[in-house]
Protein chains: 2
Amino acid sequence: MKKHFLLLVIFLFVKFSFAQNTDSMEIRAIYNEAMSNGKSYKNLEHLCKSIGARLSGSKQAYEAVEYVAMLMKEMGADTVLKQPCMVPHWVRGTKEEGIIYRKGLSPMPVNVCALGNSDGTSPTGIKAPMVEITSWRQLDSLGKRGEIKGKIVFYNRPMEPTEINAGAAYGKAGDQRWAGASRAAKYGGVGVLVRSLTHAHDYFPHTGAMGYVDTITHIPAFAIATLDADLLHYTLQGVAAVEFYMYDDCKMLPDELSYNVVGEIKGTEFPNEIITVGGHLDSWDLAEGAHDDGTGVMQGIEVLRIIKALGWKPKRTIRAVAFMNEENGGKGGAAYFEDAKRSDKKFIAALESDGGGFTPMGFSIGGKNKNAVEKIYGWKNLFEKYPFSKWDKGGNGGADVGHLQPLNTCLIELNVDGQRYFDYHHTANDRFENVNRRELEMGGASLAMLIWLISEKGLE
Amino acid sequence: MKKHFLLLVIFLFVKFSFAQNTDSMEIRAIYNEAMSNGKSYKNLEHLCKSIGARLSGSKQAYEAVEYVAMLMKEMGADTVLKQPCMVPHWVRGTKEEGIIYRKGLSPMPVNVCALGNSDGTSPTGIKAPMVEITSWRQLDSLGKRGEIKGKIVFYNRPMEPTEINAGAAYGKAGDQRWAGASRAAKYGGVGVLVRSLTHAHDYFPHTGAMGYVDTITHIPAFAIATLDADLLHYTLQGVAAVEFYMYDDCKMLPDELSYNVVGEIKGTEFPNEIITVGGHLDSWDLAEGAHDDGTGVMQGIEVLRIIKALGWKPKRTIRAVAFMNEENGGKGGAAYFEDAKRSDKKFIAALESDGGGFTPMGFSIGGKNKNAVEKIYGWKNLFEKYPFSKWDKGGNGGADVGHLQPLNTCLIELNVDGQRYFDYHHTANDRFENVNRRELEMGGASLAMLIWLISEKGLE
């Protein structure tokens, strides 16, 4: 009996080691293919340079949809489909103007841009005294004393440099951009100017979504570059009478029909079990949308290419998805979820890359299916020797795949070395040139490696 | 008895938790100071932009020594001294020429540079047929058949893209650059052209040290940019008669007197126990020496600044060192060791940052003193929430501090996210603009945090 038990232990150990070894070799083959023959960098170049900025509803967004659909076919998808969704169509119009007026001194133009979704000023612009605000408490206190009324509110709370995670610093400062206009308008503010959300000190204004509370007057909202925000801060300290002039003619047009693009390789054994991977195809109108998020889209497509190039047939269906309208509405992610909910398929896992095409560091694995999370987390040791070995449990995968949560989907976010991500984010500096080929291809590799394991082992 | 034991356990646990908590808060204070008020980026800008390239023996290297000595004082060193060493003085001379000649077609200039330490060509240059080599075996086999004689040898083995660690890929391809000339000359080769050591595909030729075997004829050695190497490869495949012309007038001048710069804050309790931290001050003549290694020098100095700024007094002596001549001789590191050997001080730990000023990822902790290695490794859990939490045991700290090994010093290397390091390495593209402020300051923070723990706890 004892001897049989021992033999069984040995047998199981050998079987386990052999399986581990096979897994290890298979994911290494994926890594090698990605790093030797990766195409995501080249594909990204076309998206950024030939199509460029592609805000939802724009002509370029339509062109990007057509390009990506074509590309998915070329890169090895069995089936490519366009999944319709209605998206907001916001347009910036002519170049914004922002000018500091100081009594007795020359007007001083600064680098500004309208925040996305914002209403424009009147055709003659707005000229008003300024008030600088660094906390909501301060706003409320001044507001109640009537000191916001008739003024342009300058929100100047910086992204905290001491935050360990740059994304956390972004999250903590982002309320100014999102909610600042309505909160200032409530007290009679006539416009807002928000310090750009970045750790960089430069002259790029950072756009990004803002929102209005419907019941409060809509006032125009601008971002101002960090160096200009510092200048304005010191001007307000030192000069008695400062006024600011802001002009733009941005506006929201009627919603437009747009699409997610979905390319898949059908699974051989469990075709109804779907693994989703991708990023969002839309970008802000000021940016080429390289790191945000052309890289995520191209890495998703790269997963398909790698599997085809290796001649492998996945047991489960793998879908690369280029989501539409992540930036100012999230309509693509919502449409993908609605379609998933109605289908008879099982959306077992969804991976999102939307933190920039930097060196991959690991995965956050979340979702309600705790067993699936544990199963995936159990493969962590296979990734120890790669840079992307720092895994954790939790999170919701990201803004697009997070919609799938009610379907019990395992939601996985690719984490990257994104300390410099917000230097580029939502600006004209989010360009193809700021993406590094090796780092980008490594991100695609990491996604393909994890997806292959999910595809072959399942999450039961 | 049992009760007393329990009380003791509780007491020790509380004491331990309290100590851990204090450690955690102290290193966080260091991190916050570095990220809020870091000066290494500004200091690096001056080194790169006002002084620039500073190869050992050059006028700029002397200027850099003076600048750094002044800076160390300004940043808070009690004592600054210049530690003399004799260094090689190699000069590039006029711009090199490299031209592909194809029968019946126009001459095709390509991007080349002389490898460091190389002899120049004759004043009329060298024009010879080419042979492309991708392995030593191939060289030996052709050499023995007389097919190297009279030719320019083109070493075209690339840095392996599938290596996980970019540094490992560099290490594996580096033999061509270092040893290629003498190995070709042995078979009668008249010059060598080495594919640039980088994963990037671009037009920057990468210089770097080469060496001659004294007993073999010294032939000139060039690097060629990777895109030009690819072009040359295809040319050699497709065109029958290809010759290459190379011209330069670089040469080795007599050795010069130069210096390491050492700035220290004396320890209050154990002033004879020295913790060394730094990088190398010299750079290749083509580069501003930003990532290689102005960043390491400035991070070392930043350690002093942070401690002073916090008003803390370290128990042990902390020394920032700017080493001279890492690139083409290692004379500075050797001089530092000789001085240490002769002194009555104990060089307990030495930390080197020479992998570029990218996001810090962790430390490799090596040296013969295994107890010290274990003690330091035991603090790893204090760093879990920072990006630099990937620690390992081993290594020799780096090219400069590695000299201290015989002194039982604990040798620590700062590891960074260096996937793109070799894109810049030893080229005109190693510029200040390619350093990210937040990433650089975070590297200085990580060094200061670990040094503080060593300083306060010791390594006994």
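The values are calculated or read from the model by the stated rules, or taken from the named source; none is laboratory data. Bear in mind the structure is a predicted one, so any value in this text is a computation, not a measurement. Because the Cβ atoms are built from the backbone with ideal geometry, glycine has one as well, and the counts that use them run over all protein chains shown.
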Item to check | Residues of the stretch A:133-165 satisfying the condition of being surrounded by 16 or more Cβ atoms within 10 Å (Cβ to Cβ), touching a residue at least 24 places away in the same chain (Cβ under 8 Å) and either part of a loop (DSSP other than H, G, I, E, B) or among the acidic types (Asp, Glu) (or both) | outcome: A:Ile148, A:Lys151, A:Asn156, A:Arg157, A:Pro158, A:Met159, A:Pro161
Item to check | Top-ranked residue in the stretch A:25-48 [being within 13 Å of chain B (Cβ to nearest Cβ) and small (Gly, Ala, Ser); ranked as surrounded by the most Cβ atoms within 10 Å (Cβ to Cβ)] | outcome: A:Ala34
Checklist entry - Take the residues of the stretch A:341-374 that are within 19 Å of A:Asn272 (Cβ to Cβ) and of a type in the set (Lys, Arg): which is farthest from the other protein chains (Cβ to nearest Cβ)? => result A:Arg342
Checklist outcome for this item: Checked against (1) within 14 Å of chain B (Cβ to nearest Cβ); (2) over 16 Å from A:His425 (Cα atoms), A:Thr198 satisfies every condition except (2)
Next on the checklist: Could you go through the stretch A:314-324 and let me know if any residue there is farther than 17 Å from A:Ile27 by Cα, of a type in the set (Ser, Thr, Tyr) and without any contact (Cβ under 8 Å) to a residue 60 or more places away in the chain.
Outcome noted: yes
Checklist entry - Which strands (runs of 3 or more DSSP E) sit wholly inside the stretch B:181-292 and have at least 3 residues that are at pLDDT 95 or above and in contact with a helix residue (DSSP H, G or I) (Cβ under 6 Å, 6 or more places away or on another chain)? => result B:191-195, B:251-265, B:270-280
Next on the checklist: I'd like the full set of residues that are assigned to a loop (DSSP other than H, G, I, E, B), of a type in the set (D, E, K, R) and in contact with a helix residue (DSSP H, G or I) (Cβ under 8 Å, 6 or more places away or on another chain), limited to the stretch A:355-388.
Outcome noted: A:Lys368
Checklist entry - Looking at the stretch A:229-277, which of the residues that are under 20 Å from A:Ile152 (Cβ atoms) and among the β-branched types (Val, Ile, Thr) is surrounded by the most Cβ atoms within 10 Å (Cβ to Cβ)? => result A:Val242
Next on the checklist: Name the single residue that is farthest from the other protein chains (Cβ to nearest Cβ) among those in the stretch A:415-460 being more than 21 Å from A:Glu288 (Cβ to Cβ), out of contact with any helix residue (DSSP H, G or I) (no Cβ under 6 Å at 6 or more places or on another chain) and small (Gly, Ala, Ser).
Outcome noted: A:Gly458
Item to check | Qualifying residue in the stretch B:166-186 (condition: exposed (fewer than 15 other Cβ atoms within 10 Å of the Cβ), within 14 Å of chain A (Cβ to nearest Cβ) and among the hydrophobic types (A, V, I, L, M, F, W, C)) | outcome: yes
Checklist entry - In the stretch A:111-128, is there at least one residue being within 14 Å of another protein chain (Cβ to nearest Cβ) and among the aliphatic types (A, V, I, L, M)? => result no
Next on the checklist: Please pick out the residue among A:Tyr41, A:Tyr67, A:Tyr62 that is of a type in the set (Phe, Trp, Tyr), within 27 Å of B:Ile164 (Cβ to Cβ) and in the same structural domain as A:Thr295 (by TED's automatic domain parsing).
Outcome noted: A:Tyr41
Next on the checklist: Go through (1) under 26 Å from the mean Cα position of the chain (by Cα); (2) under 20 Å from B:Leu440 (Cα atoms); (3) in a helix (DSSP H, G or I) for B:Arg28 and report which single condition fails.
Outcome noted: (1)
Item to check | Subset of the stretch A:165-202 (residues that are hydrophobic (A, V, I, L, M, F, W, C) and either touching an Asp or Glu at 6+ places or on another chain (Cβ under 6 Å) or within 27 Å of A:Met361 (Cα to Cα) (or both)) | outcome: A:Ala166, A:Ala168, A:Ala169, A:Ala173, A:Leu197, A:Ala200
Item to check | Index of the failed condition, B:Phe18 passing every other in (1) in a helix (DSSP H, G or I); (2) modelled with pLDDT of 95 or more; (3) over 19 Å from B:Ala322 (Cβ atoms) | outcome: (2)
Next on the checklist: Which numbered condition in (1) in contact with a Gly (Cβ under 8 Å, 6 or more places away or on another chain); (2) without any contact (Cβ under 8 Å) to a residue 12 or more places away in the chain is the only one that B:Met72 fails?
Outcome noted: (2)
Item to check | Residue ID - nearest to the chain's Cα centre (by Cα), chosen from residues in the stretch A:389-424 that are under 18 Å from A:Leu447 (Cβ atoms), among the hydrophobic types (A, V, I, L, M, F, W, C) and surrounded by fewer than 22 Cβ atoms within 10 Å (Cβ to Cβ) | outcome: A:Ala399
Checklist outcome for this item: All-but-one check, B:Val14 against (1) outside the structural domain of B:Ile451 (by TED's automatic domain parsing); (2) surrounded by 18 or more Cβ atoms within 10 Å (Cβ to Cβ); (3) among the β-branched types (Val, Ile, Thr), failing number (2)
Item to check | From B:Leu404, B:Leu453, residue being more than 19 Å from B:Ala322 (Cα to Cα) and not assigned by TED's automatic domain parsing to the domain that holds B:Ala209 | outcome: B:Leu453
Checklist entry - Taking the condition crowded, with 24+ Cβ neighbours inside 10 Å and either hydrophobic (A, V, I, L, M, F, W, C) or without any contact (Cβ under 8 Å) to a residue 40 or more places away in the chain (or both), does B:Ile224 pass? => result yes
Next on the checklist: Can you report the number of residues in the stretch B:361-376 which are closer than 20 Å to B:Thr22 by Cα and over 24 Å from the mean Cα position of the chain (by Cα)?
Outcome noted: 1
Checklist entry - Condition test on A:Met86, is it in contact with an Asp or Glu (Cβ under 8 Å, 6 or more places away or on another chain), surrounded by fewer than 21 Cβ atoms within 10 Å (Cβ to Cβ) and among the aliphatic types (A, V, I, L, M)? => result yes
Next on the checklist: Please list, ordered by residue number, the strands (runs of 3 or more DSSP E) wholly in the stretch A:43-132 having 2 or more residues that are at pLDDT below 95.
Outcome noted: none
